[in-house]
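Reviewing the structure listed below.
The values are calculated or read from the model by the stated rules, or taken from the named source; none is laboratory data. Model, not experiment: these values are computed from the prediction. All Cβ positions, glycine included, derive from the backbone under ideal geometry; neighbour counts span all protein chains shown. With ligands, DNA and RNA removed, areas are computed over all heavy atoms of the protein, side chains included. Shrake-Rupley method; radii C 1.70, N 1.55, O 1.52, S 1.80 Å.
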Amino acid sequence: MDIVSIIIGVVAGAIVAAIVVVALLKKGVDLKNNQLLEDAKAEGEVIRKEKILQAKEKFLQLKEEHEKVISERERKIADMENRIKQKNDSASKQLEDVKRKEIEIDRIKETLTKQLEVIEKKENELASSHKRQVEQLEVISGLKAEDAKAQLVEALKAEARTNALSHIKDIVDEAKINANKEARKIVVQTIQRVATEQAIENSVSIFNIESDEIKGRIIGREGRNIRALEAATGVEIIVDDTPEAIILSCFDPVRREIARLSLHQLVTDGRIHPARIEEVVKKTKTQLEEEIIEIGKRTTIDLGIHGLHPELIRMVGRMKYRSSYGQNLLQHSREVANLCATMASELGLNAKLAKRAGLLHDIGKVPDDEPELPHAVLGMKIAEKYNEKPEICNAIGAHHDEVEMTSILSPIVQVCDAISGARPGARREVMEQYINRIKDLEKIGMSYPGVEQAYAIQAGRELRVIVESGKVTDAEADTISFELAQKIQTEMTYPGQVKITVIREKRAVNYAK
C-alpha cells in the first residue's frame with residue numbers, strides 16, 4: 001500500500017507540475033503575441049503614413065501635368081482662332097477683289113461689244129470693197145475670178161511637185177524601205193526558208209549507180225520499194241531514162257542526204273525490200289543526227305566558242321545542209337564569226353562575244369519546225385530560250401533591222417553579215433551577170449539630163465551620180481536621187497539594197513595674171 005501511495009503521489013505531483021508548466025508557457029505566449037501585435041500596429045502606422053505621402057505626391061504630379069495639357073490645349077485653340085480670323089479676313093478681301101473684277105469684266109464686255117460692232121461694220125465695208133475690186137479686175141483682165149484661180153493653180157503645180165518630191169525622199173528615208181522593196185524582201189526570205197535561189201539546181205541530188213539493172217531492184221515489184229523509200233524519207237525519187245543515175249528531189253537538203261545515204265547502203269548491201277528500207281532509213285537518220293551534232297561540236301571547237309547549249313550546237317551542225325543564194329550557211333556563219341571577232345578586236349570590244357553572235361546570227365534559218373516569223377526574230381527567240389546573253393540575242397534579231405539595236409555588237413554583226421554575203425563570188429552570181437548588173441546601174445544613172453558621171457561602187461551596192469551644178473539645182477538633185485531609186489527598184493533585180501548618192505558641187509575658178 002505504501003508503494004502504491006507513493007506512486008500515486010508521484011503521479012499527482014507530476015500532473016500538478018505539468019499543469020503549472022503549461023500555465024506558465026501559455027502566459028509567456030500571450031505576452032509574446034501582445035508584443036508582436038503592438039509591433040505590427042506600429043509598423044502599419046508607419047506604412048500608412050508613407051502611402052499617404054506618396055499618394056499626395058502623385059496627386060500633385062498628375063495635377064501639374066493636367067494643368068500643362070489644359071494650358072497647351074488653350075494655346076492651340078487660341079492659335080486656331082487666330083488662323084480662322086486671318087482666313088476670314090483674307091476671304092473677305094478676296095470677295096471684295098472678285099466683286100471689283102466682276103465690275104471690270106462687265107466694263108470690258110461692253111467695250112468688246114462696241115469693238116465687235118465696229119469690226120463687223122469694217123468687214124462688211126471690206127467685203128464690198130473686195131467685190132468691187134474683183135469686178136474691176138475681171139473687166140480689166142477679161143477673165144473671171146474662177147478662171148484666174150485655175151491659171152494660178154496650174155502655175156503652182158510644177159513648184160509644188162518639186163517640193164513634194166524632196167519631202168517624199170525624207171518620208172522614204174524615215175520609213176527605211178518602200179512597200180515594193182519590202183514585198184520583194186519578204187518573198188526572197190520566204191523562198192530561202194523552203195528552197196534556194198535556183199530550185200532545179202538546189203533541190204535535187206544525183207545518185208549514181210553502177211548499172212541500170214539496179215533501177216529495177218530499187219523500184220521493186222509494182223513499185224513497192226520506191227514507194228516505201230519515198231514514204232520513209234519524204235523525198236521524191238525520179239527514175240527516168242538518165243543512164244546510171246537516179247534523181248532525188250526535195251527542198252530539204254537533210255532529207256535528200258538521208259535518202260542518198262540510205263540508197264547507197266541498200267545498193268551496197270543488196271537487200272532491198274520495204275522492211276529493210278525502213279530499218280536502213282531509221283539507222284541513217286540516227287547516224288546523220290550524230291554527224292550533225294559532231295559537225296556543230298567541231299565548229300565550236302575550231303572557233304573557240306564554249307558553253308553553247310546542246311540544242312544550239314545541233315542547229316550549228318544543221319547549217320551545213322542549208323544554203324542562201326547558193327552560199328553554204330555554215331561556211332557563211334563561220335566567216336561572219338571570224339569577221340566579227342576581227343572587227344571587235346580592232347574596236348577594243350569583246351572578241352569572243354562578237355564571234356559567238358556572228359556564228360549564231362542565222363540559226364533562225366534552221367529550226368526543226370517552221371514558224372511564220374522572220375529568221376532574225378526567230379533566231380533571237382531561240383537564243384533567248386537557251387539563255388544566251390541579251391546583247392547576243394539583240395545582235396541576232398537586229399542584223400536585218402527587224403528589231404531595234406541596243407548593243408554595240410548588233411551593227412558589227414550586221415556589217416559582217418553584209419560583207420560575207422555581198423562580196424563578189426560569195427553567192428551564186430556568175431561574173432558576166434555581175435558585170436552586166438554594174439553596167440546597167442551606171443547606164444540608168446547616165447540616163448538623166450544634167451548627169452556628168454555615174455559610178456557603181458561597193459560591188460554594185462552603191463551608185464554615185466555626179467551632176468553639173470550649172471544645169472541641176474539642189475532641189476533637182478534630190479528629185480534625181482529619188483527617181484533613180486524608184487527606177488532601179490522597178491527595172492533591176494539585185495540582192496540587198498542599192499544606195500544612190502547624187503553629188504552636186506560648184507567650182508569657182510579664176511586666174512591671177
key: Per-residue SASA entry for residue 323, accessible area with 1.4 Å probe, Å² rounded to 10   = 40
message = Using amide H atoms built in the peptide plane, which far-off residues or other-chain residues are under 5 Å from residue 323 H to H?
response = 329
task = Might you work out the accessible area of residue 157 for me, using a 1.4 Å probe with all protein chains in place, and round it to the nearest 10 Å²?
result = 90
task = Over 22 Å between C-alpha atoms is what I'm after, so list which of 443/471; 297/352; 297/365; 365/389; 93/114; 439/499 land there.
result = 93/114
query = How much of the accessible area of segment 304-384, probe 1.4 Å, is carbon plus sulfur, in whole percent?
reply = 53
query = If we count every other residue with Cβ under 14 angstrom of residue 41's Cβ, Lys/Arg +1 and Asp/Glu -1, where does the sum land?
reply = -2
note = Out of 399, 386, 307 - ranked by how far each Cα lies towards the positive end of the dipole of segment 281-412, with unit charges on the beta-carbon of charged residues - the top one is 307
task = Under 15 Å from the Cβ of residue 395, count the other residues' Cβ atoms, weight Lys and Arg +1, Asp and Glu -1, and hand me the total.
result = -3
query = For segment 1-147, which whole percent of the accessible surface, found with a 1.4 angstrom probe, sits on carbon and sulfur atoms?
reply = 61
Order by protection proxy (mean Cβ within 10 Å, highest first), peptides 225-237, 10-22, 389-401 = 389-401, 225-237, 10-22
